[in-house]
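Inspection log for the structure reproduced underneath, given as structure tokens.
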Amino acid sequence: MEQAPPPFFKRGPAPVVRLFFFASLSLALAVLDARFRYADGLRSALALAAYPLQKIATAPIALAERVGGYFGRQSQLREENSELRATALAYAQDAQRFEAAAAELTQLRRLIGAAERLPVRSLPAEVLYAGRDPYSHKLFLDRGAAHGVRPGSPVADETGVVGQVTRVHPLLSEVTLLTDKDQAIPVQVVRNGLRAVAFGGGATGTLELRFMAANVEIQNGDRLVTSGIDGTYPPGLPVATVVRIERDAARTFARIVGEPAAVVDRGRYLLVLSNEAAAPPYPGEARTGRERRADKPRRGHARDADGAR
């Protein structure tokens, strides 16, 4: 009985022969493909068949790259957002400072124009702060006795009278506003020349013309200016506009309310006016100094004559 090894242990061609065979086959296929392009269709079919396997194999790597890119972009966006917010905040602050500077420049230009139109000398001043007493309307300016400010000097802005200097310190001064309940100013109606006295309305922030007859010739919209008869305020400065008139037949006087022409509680820069305008002398002071000196010897002779008698 012939004994032969099982098929599993059968020996085929030698490994060197196999290597030479497959190498020759590969070289022949490479030459044929390079010359006649026979394997293009096969290559395309194999690439199409292997594409899903490639996508499945590279899916974890692509997912990891996407996740990393997402978190990287989120972090970058947060940093950019923080930088943009800081930049926007800085720009907003610059814009606010620019608007404030532009408003101050506009007010200063108007104030300079008003100072040139005024008939008296004026001194520009800046408002430092308002008075602490809520029942009195006062402001404090950065100009005082050292700058030539005197008690009683009028204070105005580019639109009208604001108040009057009531107390002077070396480097600052106190201004009582027109709306203070203890403040009064002589005024005149532009339309008909009627004279009156305007008193501060206190907390209402208005002015009142008191002790005016019920049939007085005043109407809403009349403009009130300084009359100048007190020798303190120059004549013709805007003071207020009549906004309300209450006439009651049962009362002797009418109630006339005016709104100040100036922004008495908001302006930052004001003009302190000189109250050194030439006011007419009182009757007792009308004579010159030479005449008064000439009267002294006469009075002395008169007294000697009386003694002799």
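The values are calculated or read from the model by the stated rules, or taken from the named source; none is laboratory data. From a predicted model like this one, the values you see are computed outputs, not experimental measurements. Every residue, glycine as well, gets a Cβ built from its backbone with ideal geometry; the counts of neighbours run over all protein chains shown.
Scanning the stretch 234-264 for residues that are outside any strand (DSSP E or B) and either without any contact (Cβ under 8 Å) to a residue 60 or more places away in the chain or closer than 16 Å to residue 190 by Cα (or both) turns up 234, 235, 236, 237, 247, 248, 249, 250, 251, 252, 261. For the criterion of being of a type outside the set (Lys, Arg), touching a residue at least 24 places away in the same chain (Cβ under 8 Å), in the same structural domain as residue 134 (by TED's automatic domain parsing) and more than 28 Å from residue 119 (Cβ to Cβ), residue 160 fails.
Contact map, the stretch 23-36: residues that are surrounded by 10 or more Cβ atoms within 10 Å (Cβ to Cβ) paired with residues that are hydrophobic (A, V, I, L, M, F, W, C), Cβ distance under 6 Å, separation 6+ or inter-chain. Pairs shown: 33/39.
Residue 157: out of contact with any His (no Cβ under 6 Å at 6 or more places or on another chain), among the acidic types (Asp, Glu) and within 30 Å of residue 250 (Cβ to Cβ), yes or no? For residue 157, the condition - out of contact with any His (no Cβ under 6 Å at 6 or more places or on another chain), among the acidic types (Asp, Glu) and within 30 Å of residue 250 (Cβ to Cβ) - is not met. Scanning the stretch 172-199 for residues that are assigned to a loop (DSSP other than H, G, I, E, B), of a type in the set (A, V, I, L, M) and over 27 Å from the mean Cα position of the chain (by Cα) yields a total of 2.
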